[in-house]
Amino acid sequence: MKARIAIIWWWAAGMMAAAALSELKNIDAEIHLFEKNKMLWAKVLISWWWRCNVTTGMYKNNELLKNYPRGAEFLKYTFSKFWPRKIKNRFEDHGAKLKEEADHRIFPVSNKGSDIVWIFEKMFSNTLNHPKNEWNEVFLDDWGIPTTWENLSTNEMKWLNISKAVVCEKVILHFGESIVSIKKNKKFTLVSDISSYEFDYVILTTWWSAYAHTWSSWDGYTFARECWHTITPLWPSLNSFLTKETWTHPLSWLSFKNAMLHIKLHEKKLTAMWWILLTHFGISWPATFVISAYSAFEKIDETNSLEILVQAYSDYDFNRRNTFLLTAMKEQPNKELQTILWQKFSKRFVEEFLRFEKIDAKQHAIQLTKSTRESLANKLWNWFPLHAISRRPGDEFVTAGGVDTNEVNNETMESTLCKWLYFAWEILNIDGFTWWFNLQSSRATGMIAGLSIWSKLRMNNE
């Protein structure tokens with residue numbers, strides 16, 4: 001009998017596991033992928049305005065692992081087998097044209113995440129060369145998935161979306177089908193909102209309720225507990241912050257490329273240097289995400305605010321910023337203060353900052369007192385405080401916490417408590433500082449899980 005493999009909520013990690021299994025030969029198995037959404041795109045394309053991060057261009061593992069506040073030790077073996085360059089090469093070998101940007105993020109050259117989805121669709125089925133107008137045969141729906149008229153309801157014919165299982169040549173895709181429970185006896189019994197199934201192997205890649213509009217939920221942790229696993233405390237990470245200070249809110253979409261953020265947690269000083277974005281509610285973007293990862297388990301509200309010191313230009317030391325103002329006072333004594341500051345900062349920022357500090361923007365440079373000059377130099381280039389009073393709900397990228405990695409074999413991703421149960425990516429207690437580091441871990445753990453099952457099946461066949 002064919003071995004039956006289920007991959008539940010499959011996104012980046014599940015797609016890699018399915019791809020690894022579907023491409024390998026000498027195994028006789030059915031691969032089933034279960035996805036609550038009606039198409040591949042919902043989770044794959046949410047990163048960076050639908051461009052879809054592929055991985056990171058940070059190729060040295062010792063440097064790469066520093067970007068994982070939780071799970072770095074667990075990932076050492078995984079990254080020794082599937083480091084970023086190998087993941088990048090794998091996509092390119094399948095026809096993806098990729099580019100590495102200045103900050104080492106890797107995207108499709110086209111800036112279209114659909115190109116990455118298409119790579120996986122080609123791996124799962126050889127029917128993709130059928131044109132859409134062959135209505136009496138297999139055709140592609142609007143999401144590029146092969147299907148037939150028999151698989152579509154009347155409404156789905158109109159919109160060309162799928163909610164039933166679609167049988168590709170290599171993988172059975174269960175769209176719009178939610179798994180309700182998992183039980184393990186000799187085999188796994190999976191109950192969905194449509195049917196029930198038996199499987200020999202199960203890969204869990206589900207994540208927390210970040211990005212609720214993509215139907216993410218707590219289900220994966222429930223399934224893991226049903227299979228006897230321990231779940232460490234869970235909290236959202238890689239999120240934006242709402243700030244108590246409102247003077248920055250009118251500066252929405254003003255960014256600083258080389259900013260530095262400082263926080264102090266339990267007598268320990270922590271720093272993040274990267275882009276930040278001022279928003280209508282507070283701050284966002286990569287440096288903010290790093291700070292949110294550091295403080296993931298801290299209680300943050302209006303009575304327990306997190307003080308974040310913002311250094312807009314991390315490359316300006318005290319002498320450099322103080323000299324700038326001293327020189328301006330000497331060489332441009334009759335220019336207004338705001339005009340001088342516009343040489344280094346945006347007009348909007350200068351206006352709001354001086355208004356908040358209650359400093360006369362129109363006073364001449366020669367009128368600056370020593371204390372005002374030093375205060376400006378300190379706050380503008382050294383730091384100005386913002387107090388985070390809430391994590392912005394609904395836009396959390398990942399979860400801090402998850403399945404205890406002490407209960408998982410890091411060389412195979414197999415459970416040490418429940419035979420033939422595998423985990424990949426964020427359901428595990430691992431997370432990275434930014435989206436592209438998390439995608440690297442998702443793809444690598446997914447590959448390990450898929451190849452580990454293939455290895456077992458091959459040995460069984462022999």
- Could you say which residue among 195, 125, 181 is in contact with a strand residue (DSSP E or B) (Cβ under 7 Å, 6 or more places away or on another chain) and modelled with pLDDT of 90 or more? 181
- Message: Step by step: first the residues of the stretch 245-283, then only those that are over 17 Å from residue 433 (Cα atoms) and among the β-branched types (Val, Ile, Thr), then the one that is farthest from the chain's Cα centre (by Cα). Which residue is that?
- Response: 246
- Flag if residue 433 is under 27 Å from residue 276 (Cα atoms), out of contact with any helix residue (DSSP H, G or I) (no Cβ under 7 Å at 6 or more places or on another chain) and either polar (S, T, N, Q) or touching a residue at least 60 places away in the same chain (Cβ under 8 Å) (or both): no
- When the residues of the stretch 249-273 are filtered to those that are under 19 Å from residue 314 (Cα atoms) and touching an Asp or Glu at 6+ places or on another chain (Cβ under 8 Å), which remaining residue is surrounded by the fewest Cβ atoms within 10 Å (Cβ to Cβ)? 264
- Can residue 359 be described as assigned by TED's automatic domain parsing to the domain that holds residue 280, in contact with a helix residue (DSSP H, G or I) (Cβ under 7 Å, 6 or more places away or on another chain), over 30 Å from residue 52 (Cα atoms) and exposed (fewer than 15 other Cβ atoms within 10 Å of the Cβ)? no
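Let's see how each residue does on (1) of a type in the set (D, E, K, R); (2) part of a helix (DSSP H, G or I):
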{"site": "379", "(1), (2)": "yes, yes"}
{"site": "387", "(1), (2)": "no, no"}
{"site": "393", "(1), (2)": "no, no"}
{"site": "396", "(1), (2)": "yes, no"}
{"site": "417", "(1), (2)": "no, no"}
{"site": "422", "(1), (2)": "no, no"}
{"site": "433", "(1), (2)": "no, no"}
{"site": "448", "(1), (2)": "no, yes"}
{"site": "455", "(1), (2)": "no, yes"}
- Task: Would you mind listing the helices (runs of 4 or more DSSP H) fully within the stretch 1-99 where at least 3 residues are among the small types (Gly, Ala, Ser) and modelled with pLDDT of 85 or more?
- Result: 11-23
- Item | The one condition in (1) of a type in the set (Val, Ile, Thr); (2) in the same structural domain as residue 455 (by TED's automatic domain parsing); (3) assigned to a helix (DSSP H, G or I) that residue 350 fails to fulfil | (2)
- Task: Say whether the condition of being modelled with pLDDT under 90, among the aliphatic types (A, V, I, L, M) and not assigned by TED's automatic domain parsing to the domain that holds residue 71 is met by at least one residue in the stretch 379-395.
- Result: yes
- Query: Under 7 Å by Cβ, and 6 or more places apart or on different chains, what pairs join a residue from the stretch 263-284 that is in contact (Cβ under 8 Å) with a residue 40 or more places away in the chain with one that is surrounded by 16 or more Cβ atoms within 10 Å (Cβ to Cβ) and basic (Lys, Arg)?
  - Reply: 281/392
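The values are calculated or read from the model by the stated rules, or taken from the named source; none is laboratory data. As the structure is a prediction and not an experimental result, all values here were calculated from the model. Note that we place each Cβ from the backbone using ideal geometry, even for glycine, and neighbour counts take in every protein chain shown.
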